[in-house]
Amino acid sequence: MIKNSTIKETAKNLGINICGITDVKKLSVERERLLLRKEKGNWPQPFTNENIDELTNLALHLENIESTIVIGLNYNNLSSANRFLSAYITKEDYHFVLEEKMKLLVHEISNKTGRVLKKNKNYKIYVDTAPFLERAVAEKAGVGFIGKNSMLINPQYGSSIFLGEILIDIKIEADKPLDIDCGQCRKCLINCEGGALKAPYYLDVNSCISYLTQKKGMLSFAERKLIGSHIWGCDKCQKICPYNNISTDISKKSIDPALEYFDKDLEYFLTLDRKNPPEELKDTAVMWRGSRILVRNAIIAAVNLDKREYFSLIKEKLSDNSPIIRFYAVWALSELDYNRAETFLKKQLNIEKDTRITDEIRIILQGGN
Ligand code: SF4
Ligand code: SF4
């Protein structure tokens, strides 16, 4: 047995900004909501595990589980982020930073309880990979409340927090959920950049810019336009949230240096050596989908910002070994400066082997773009 307050004090000493504890009762309200959404064919998002039992029952994930400890680490101040990358892209991949903190916390718990705690037997650690409803568990643990933008919001730190969970076989007194919500505010719904927040707590991923920047493969013309200047993620529904604006000063003071913003611009991504990305980029969470998608999004952003000065840089991409990149380069050149692009597109038509690209060039040359 270990006290709730001891865990929190220990977490605080390890530089963990927020810590909450919950029991292992099923998430029955969320279960009903998910069943209804499944019935209506309105599943929350494509990345989510679709097993409703696993999503709403923590006991299925660790034998003898007694408690779940949820931690929150504050990342950068949203207002300092640039227009190209979401503020959660930090200098070091937050997954490792959180995992390290949670391992240390488990180590301390082991010392304080005098028990040897074995991974996967006595405890499990999750960062983003949780097969259960992470935000609902965090809400239950009193770490924050789920806002109408679907983000977990802590009254002190806003939604600029990374979440991690420790499932453990030690009984710890549970915290209560916070008695707080969005009230009458609808700012995120009104200002959603992609028009994806169709109703409170309802995010349509197909028009969410954050999702589109991570979607692999070919994006439709409408999707390319929707992406705007975003190379990775979109923070509009968070930036506009009063809870994030209140937390500005606190955020600055409490940032772990590893979680400072990875501040790179459009040119950085347009000139990226995809085969040999710089080490600093490899350290970030932005690489989880690979470097090609970053270059693709940078090309799209250059078009949407009408950055004609990058015409030559993009022209070099016509010889990229990825047909996806060549496809977007063809489209981008014609969008940026059709007259200048025409000669290069005709040359490309003669050497290009990929029919998706030759088809696209023909459409462009016929004025059908
Ligand atoms: S991330 Fe952007 S597009 Fe997606 S819900 Fe938020 S504001 Fe809308
Ligand atoms: S902007 Fe308003 S409605 Fe949206 S999450 Fe924040 S407080 Fe809630």
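Miscellaneous remarks
- Residues satisfying the stated conditions in the stretch 138-158, i.e. of a type in the set (A, V, I, L, M), more than 9 Å from ligand 2 (Cβ to nearest atom) and within 18 Å of the chain's Cα centre (by Cα): ALA138, LEU152
- Failed criterion for ALA130 (all others in (1) surrounded by 19 or more Cβ atoms within 10 Å (Cβ to Cβ); (2) at pLDDT below 95; (3) over 16 Å from VAL70 (Cα atoms) hold): (3)
- Only a single criterion out of (1) surrounded by fewer than 20 Cβ atoms within 10 Å (Cβ to Cβ); (2) touching a strand residue (DSSP E or B) at 6+ places or on another chain (Cβ under 7 Å); (3) of a type in the set (S, T, N, Q) is not satisfied by ASN111, namely (2).
- Filtering the stretch 102-159 to residues that are part of a loop (DSSP other than H, G, I, E, B), within 19 Å of TYR88 (Cβ to Cβ), among the hydrophobic types (A, V, I, L, M, F, W, C) and in contact with a Cys (Cβ under 9 Å, 6 or more places away or on another chain) leaves VAL143, MET151.
- Number of residues in the stretch 183-206 that are among the basic types (Lys, Arg) and either in a loop (DSSP other than H, G, I, E, B) or within 7 Å of ligand 1 (Cβ to nearest atom) (or both) equals 1.
- Check on ILE146, out of contact with any Gly (no Cβ under 9 Å at 6 or more places or on another chain), within 16 Å of ligand 1 (Cβ to nearest atom) and either closer than 24 Å to LYS3 by Cβ or β-branched (Val, Ile, Thr) (or both): yes
- Identification of helices (runs of 4 or more DSSP H) wholly contained in the stretch 212-323 with 3 or more residues that are within 16 Å of ligand 1 (Cβ to nearest atom) yields 221-227, 236-239, 242-246, 292-304.
- Qualifying residue in the stretch 236-246 (condition: away from ligand 2 (no atom under 14 Å from the Cβ) and surrounded by fewer than 22 Cβ atoms within 10 Å (Cβ to Cβ)): no
The values are calculated or read from the model by the stated rules, or taken from the named source; none is laboratory data. The structure presented is a predicted model; accordingly, all values stated were derived computationally and were not measured. FYI the Cβ positions are ideal-geometry reconstructions off the backbone, even for glycines, and counts take in every protein chain you see.
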